[in-house]
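Nothing in this text is a laboratory measurement; each read-out follows from the coordinates by a stated rule. Computed from a predicted structure; not experimentally measured. When we count neighbours, we look across all protein chains shown, and the Cβ atoms used for this are built from the backbone with ideal geometry, even at glycine.
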Amino acid sequence: MTRAHPTVSLASIVVLCAACESTPEAAPVIRMDPVGTSGAPLTGINSIALADETTACVIESYEDRIHCLGRNGEEAGAFGRPGEGPGEFRSLAEVVGGPDGTIGAIDWGLVRMTIFQPTGTRVSEVSLPFLGPYRVGASFRSTVFGYGMASRSGDLSAGITTLHTELDLASGTIVWERAFPVDLVETGCDWGPSSELSRGVPTPTGGIVFPACGGLMIFLEDRDGDDATLVEAPLYVEELRSEAEVEAYAARQRMSMFGSETSVDRYRRTPLRYNLGRPIFDDRDRLWILTRRFQDGFSHLDIYADTRLVGVVQVRDRAVAFDLRGSTLVVLVNRPVGPDDPDGFPDRAIDWYDIGDLEIGG
């Protein structure tokens, strides 16, 4: 049974019902078969974006290129190269869907977002608000919602914080921003050196959802308000990182001027979060979360109505990212490594699913 947790408001202490009446047994599990598949380039970036219901775009990180593909593998466009000019990239980090069949490319190195048609035609670009890594929390239209690390005073020695922002694409100005303190909700999470909540995703009704530690999620009804609800995912299973992952992280820490044994120890003992990547709301206001549950060749997406788990979609192979638009679900996956794979690396692919008739959660 999912537990309702006491929540802490910045204004007062409030106990809210998490409205999680479902049990794992009550949530239907629907196994889906793809209606199409596309090969995808080898990449170190787990990001995929639908430009429309028939075209998905992914990043080829080793060549600083973007590939846009149809559901049967046909290529709509492949574009980009290393550089600093228009249509060039220094450090591609993410692709995100936009209006009128466009996508946005987030470049951390050039601190900008460039909007393209899937053919590679450049539409516009805008400077990102922070020099630090900036992530987009949802598909965009005239504004883009994202979050990044910044110094309120401009003095980095005074400390940095996570700021959530809404950026106007026409003017490049921030029209809304807020930092969310960790004491917004009493989670029991070890947030490490971070002083603020991070990785929030906007809801269709003007709120924000934050992944917390382990299987916890924080639902804030109003992004400008203070009352929040803490929900525990019913199907979450605690899992720690492998020793190989810990050693790779430790190696990066040894090369960093900010690295420490304390951070390596925290990395080792902190359970993995419930979700992979950013949660996404569909056009019926249901929240889709790609989970870390990978069993017998299948991955699982949990679906919520408000804060209640209403169903699970099971897709094939190991999913690393996904996107939704209308009746289309695309999943970026790692295929199993077989005896005919000489390089020993899993092949990347995009699986396409038709969710138009999916009846979960009403």
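Each part gets one Cα centre, and for region 30-66 versus region 264-322 those centres are 18 Å apart.
Dividing the Cα radius of gyration by the Kirkwood radius, what Rg/Rh value follows for region 140-295?
Result: Rg/Rh = 0.98.
Inter-label distance, Arg292 to Asp183: 2.9 nm, where each label sits 7 Å from its Cα along the C-beta direction.
In terms of surrounding Cβ atoms within a 10 Å radius of their Cβ, Met113, Met257 rank from fewest to most as Met257, Met113. Remark: the chain projects, on average over all directions, an area of 18.8 nm² (convex hull of Cα atoms).
Using 0.36 nm per residue, how much length does the chain from Asp357 to Glu245 gain when fully extended, once their Cα-Cα distance is taken away? Mind showing how you got there, number by number?
Working: separation 112, 0.36 × 112 = 40.32 nm, distance 3.94 nm.
Stretched out fully, the Asp357 to Glu245 stretch lengthens by 36.4 nm.
Scanning residues 5 or more positions from Ala49 or on other chains, those with amide H under 5 Å from its amide H are Cys57, with H placed 1.01 Å from N in the peptide plane.
The gain in end-to-end length when the Thr119 to Ser327 segment is fully stretched comes to 72.6 nm, 0.36 nm per residue minus the alpha carbon separation. Return the single residue from Glu238, Glu247, Glu166 with maximal mean-square fluctuation; model: Gaussian network over the chain, springs between Cα atoms under 10 Å. Most flexible of the set in this elastic network: Glu247.
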